[in-house]
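Comments concern the structure below.
Bear in mind that the values in this text are calculations on the coordinates, not laboratory data. Just so it is clear, the structure is predicted and the values come from calculations on it, not from any experiment. Ideal geometry is used to build each Cβ from the backbone, glycine not excepted, and the neighbour counts take in all protein chains shown.
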Amino acid sequence: MLRVTTTSLWAYCQRLRLLGPPCASASTGTSRNKRPENQLTVDSLYQLSVDIRKVRKFKDWVLSEDSAYVSETADLLRDMGADATAITLILETHPEAVLCRPEDVAAQRDLWVSVCPNRRELMSIVEKFPASFFTLSHHGNQRANILYLQSLRLSNRIIGKLMASAPQSFSRPVELNKEVIHTLRETYLDLGGDEGNVRVWLQKLLSQNPYILLRPAEAWRDSLGFLREQGFTTEELLHLVSSLRASIAELRPEAMQQALSYIEGALACSKDELKHIVTRCPAILYYSLPTLGGRFQGLMDVGVSAEQVKEAPNVLELTTHIMLYRIQKLASYGYDVCSGSLDVIVGTKKDFETSCGRLHLRRQRPLFNPVAPLRCAEE
C-alpha cells in the first residue's frame, strides 16, 4: 500500500507550483481589461517546457490570441536542426513566433538559407536573433535587398549579420539602401579610394555598424562637408572616414565643432596642430563635450601636462577610471607618467600589460653581467 506523508505531499505541491502548470485558474483568469488566454496555446507551450510565467509577465497578449501555431513552429525549427532546448529558448524569448503562419515561416526560412546555407550556423543566428528571423512583414523588400547586396559581391556572412542585427534595413524599399550605398561608394572614390577596394571597404563599414544603412545619405554629406570646411585635405578625410568607418555618418556638425573648439582651447594648439591631433585620434570627433572635459581634467589632476596630451592625444580614448588605474600601476613599477611619455598607457589592455611586463623585467634585471666570469678570492 502506497503511503503519502504530509511532507511528500507538500513537496509535490511545491514542485507543481514552481513548474507553473497550465491550470484553469492561472491561464484563463480574466479582468476587465484583459482577454482570456487561449488554453490550447498555453497547453502547447507548456508541453514544450516553455516557462509560461515568463511569457505571462512580458508578453501575455500572445497567450490571448485566437490563432496560434505552436506545434507547427516547433516542427519547423526542429527540421532546421534545433533541439528541444533551443526550441524552448526561442519560444520563451520571442513567443510571438507562434502567431506566424507556417507557410510564411517556411518562406522566411528559404530566404535566410539563400544567405546562410549551413544549417548549424543558421540555427545559431536564429537562436541569437529570433525576433529578426520571425519578422515576416515586407517579405518582398527583404528578398530585393538580399539580391541587391549579393549583386555587389558582398559576402553572405556580412549580409547575414545585417539581417540578424538590423532587420529594419531589409524591411524598407531597396531603393533607399541603394541610395546610401551609392553615397558611400562615391564618398570613398571622391576621397581618393581605389575602385578595386570599394567592396572590401563597404564590408568593413557594414560589419562594424549594421545600422549604417538606416542613416540617410545626407548625414554622410553633411559630416564630410563640415570636415572639408575645417581644412582637412582629401587624404586626411579618407583617413578619417576609414578610421571612423560607419560612425562618421552619426556625427553632427555642431557636435564636432564643440569637440574641436574644446580641444583647440584646452591644448592651446594651432589649426594645423588641431588637424594633426584629430588625424591621430579621430575618436575626438564623436566624444561629447562633458566626456572630453572630464577625461582631460582627470589627466590635469594627476599632474599630466597639456603638452603631453598633445603629443599622445589617444590618451583621451581612455575613460578616467582606466587612465587612473594604468597610471597607478605604472607607478608601482617605478614609472612616472608625468615626467615621461603617455604612449605607454594608451592602447588596448593587452598592449598595456605588455608594457608593464617590460617595466617589470627591467626592474628585476641584475646590475651585474650574469655571463661574466666570477673573480675568485684566490686570484
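To the nearest 20 Debye, how big is the dipole of the stretch 98-241 about its Cα centre, given +1 on the beta carbon of each Lys and Arg and -1 on that of each Asp and Glu?
With Lys and Arg at +1 and Asp and Glu at -1, about 640 debye.
With Cβ to Cβ distances under 14 Å as the rule, what net charge do the other residues near Glu254 carry (K, R +1; D, E -1)?
Surrounding charge for Glu254 is -2.
Evaluate E = 1/(1 + (r/R0)^6) for Gln328 and Glu250, where r is the Cβ-Cβ distance and R0 equals 35 Å; express this FRET efficiency to the nearest 0.05.
Working: r = 34 Å, r/R0 = 0.97.
FRET efficiency, Gln328 to Glu250: 0.55.
Tally Lys/Arg at +1 and Asp/Glu at -1 over every other residue whose Cβ is under 12 Å from the Cβ of Glu264; what's the total? Write out the running numbers ahead of the final one.
Values: positive: Lys271, Lys275, Lys310; negative: Asp272, Glu273.
Summing Lys and Arg as +1 and Asp and Glu as -1 gives +1.
Label-point separation (nm) for Val200 and Asp343, each offset 7 Å from Cα along Cα-to-Cβ?
Here the answer is 2.7 nm between the modelled labels.
Report the FRET efficiency, 1/(1 + (r/R0)^6), for Arg221 and His139, where r is their Cβ-Cβ distance and R0 is 30 Å, rounded to 0.05.
After rounding, the FRET efficiency stands at 0.40.
Determine, for each peptide in 146-159, 275-288, the mean count of other beta carbons within 10 angstrom over its residues, then list the peptides with the highest first.
Going from most to least packed, we get 275-288, 146-159.
So for the chain, taking the charge dipole from beta-carbon charges (+1 Lys/Arg, -1 Asp/Glu), which of Gly225, Asn145, Gly192 sits furthest toward the positive end?
Asn145
Pull out a ≥ b ≥ c, the square roots of the eigenvalues of the alpha-carbon gyration tensor of the stretch 19-134, then state rounded if a/c is under 1.5, prolate if not and a/b is larger than b/c, and oblate in the remaining case.
Prolate.
Could you give the length gained by full extension between Val302 and Thr234, i.e. 0.36 nm per residue of separation minus their alpha carbon distance, to one decimal place? Spell out each step's value before the answer.
On the way: separation 68, 0.36 × 68 = 24.48 nm, distance 3.81 nm.
Fully extending the segment from Val302 to Thr234 adds 20.7 nm.
Once each part is reduced to its C-alpha centroid, what is the distance from the stretch 82-158 to the stretch 208-252 in angstrom?
31 Å
Could you give the length gained by full extension between Ser270 and Asp66, i.e. 0.36 nm per residue of separation minus their alpha carbon distance, to one decimal place?
Once the chain is fully extended between Ser270 and Asp66, it gains 66.5 nm.
Calculate the FRET efficiency for Gln257 and Lys128 from the Cβ-Cβ distance with a Förster distance of 51 Å, rounded to the nearest 0.05.
0.85
Per DSSP helix of 4 or more residues, -39500 (n - 2.57); summed, then divided by the residues of the chain. What does that give at 222 nm, rounded to the nearest 500?
-18500 deg cm²/dmol
Just need the relative contact order of the chain here, percent rounded to a whole number, with Cα pairs under 8 Å and 6+ apart.
Relative CO of the chain lands at 8 percent.
Rounding to the nearest 20 debye, state how big the charge dipole of the chain is about its Cα centre with +1 on each Lys and Arg Cβ and -1 on each Asp and Glu Cβ.
1140 debye
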